[in-house]
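Chemist: Have a look at this one before I ask anything.
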Amino acid sequence: MKKLMIVAAAMLVMFAATASAQELSGGVKGGMNLASISNMDQEFGRDTDIKMLPGFYVGAFVEYKLNDRFGISPEFVYSMQGVKAEASGRDEWDGVDYKYEGKMSLNYLNIPVLAKIYVAESFSIDVGPQFGFLLSAKEKDKATYAGQTHEADEDIKKFCNTFDMALGIGATYNIGKFMIQARYNLGLTDTAKIEGEKPPDWKAVKNNVFQVGVGFRF
């Protein structure tokens, strides 16, 4: 975390040193996440219904506007991500009803570095890489079988890669000092950490997050 703070401070100093007051702006932002993880039927079972996990994000940004059409914007964002899983039915072997609910919660410090292409004075298309650093990872399970309920809550950070990379694609609409944003972060790296050789049929599990929110420029 200390290294990340040093990198963030260095980036801010660099932008401040190379931009005039008219070109550099910054602010805060926040909003809602709808997160999922691809290929999670490998973890929860193929008969499980994989669902998006609601959460939120909050952070800060700076924008260095090179000209009327192009800008660069690094951000520092705390993001709640993960996935949900549900299953229910009747066991075909003994005819007993069952129900399962699972939730995998992954919290990240994300650092997107976005190119902002202004197609209109107040509207930009935003695209660029996002570098994520895992802060915590937990899995909660609740299973009911034959009327008996069992719950589990496990720290799974040791089973997850601490670095995550994604491609962010979205748009920003500015209204004075306020802004409205929508973005999709497409995961590029495997979230799971597997020791040794991966199974031959293994499919990478990747974070995918849709975000919508608002921001304020100082």
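Chemist: Once you have the Cα-Cα distance between Met32 and Tyr98, take 0.36 nm times their residue separation minus that, and quote the gain in nm to one decimal.
Modeler: 20.6 nm
Chemist: Full-extension gain between Asp201 and Leu135, please, as 0.36 nm times their residue separation minus the C-alpha to C-alpha distance.
Modeler: The span from Asp201 to Leu135 would gain 20.9 nm if fully extended.
Chemist: Could I ask something else about it? Can you give me the relative contact order of the chain as a percent, contacts being Cα pairs under 8 Å and 6 or more apart?
Modeler: Contact order relative to length: 19 percent.
Chemist: Can you tell me which of 150-157, 62-69 comes out highest on packing, and rank the rest after it, using the mean Cβ neighbours within 10 Å?
Modeler: On the way: 150-157: 11.5, 62-69: 14.5.
Most protected by this proxy first, the peptides run 62-69, 150-157.
Chemist: Against the globular-protein guess of 2.2 N^0.38 Å, express the Cα radius of gyration of segment 19-143 as a ratio, rounded to two decimals.
Modeler: 1.49
Chemist: For the chain, with the dipole built from +1 on Lys and Arg beta-carbon atoms and -1 on Asp and Glu ones, taken about the Cα centre, which of Tyr145, Val28, Pro129 lies farthest toward the positive end?
Modeler: Looking along the dipole axis, the top candidate is Val28.
Chemist: Find out how many positive minus negative residues lie around Glu101, taking Lys and Arg as positive, Asp and Glu as negative, among other residues whose Cβ is under 15 Å from that of Glu101. Don't skip to the answer; put the middle values down first.
Modeler: On the way: positive: Lys51, Lys84, Lys99, Lys103, Lys138, Lys140, Lys142; negative: Glu43, Asp47, Asp49, Glu86, Asp97, Glu139, Asp141, Glu151, Asp153, Glu154.
Net charge around Glu101: -3.
Chemist: Quick check: pseudo-label points 7 Å beyond the Cα along Cα→Cβ at Phe56 and Arg69, how many nm apart are they?
Modeler: Result for the modelled spin labels: 3.9 nm.
Chemist: Place a point 7 Å from Cα of Ser122 in the direction of its Cβ. Which residues in segment 57-77 have their backbone N less than 18 Å from it?
Modeler: 68-69
Chemist: May I pose another question? In whole Å, what are the extents of segment 2-217 along the principal axes defined by its C-alpha atoms, from largest to smallest?
Modeler: 72, 37, 28
Chemist: May I ask for the net charge around Ile72, where only other residues with Cβ less than 15 Å from the Cβ of Ile72 are counted and Lys, Arg are +1 while Asp, Glu are -1? Let's see the in-between values first.
Modeler: Numbers: positive: Lys65, Arg69, Lys116; negative: Glu23, Glu63, Asp68, Glu75, Asp126.
Local net charge: -2.
No value in this document is a laboratory result; all are computed from the given coordinates. Not measured: the values here are computed from a predicted model. Note: ideal-geometry Cβ built from the backbone for every residue, glycine included; neighbour counts use all protein chains shown.
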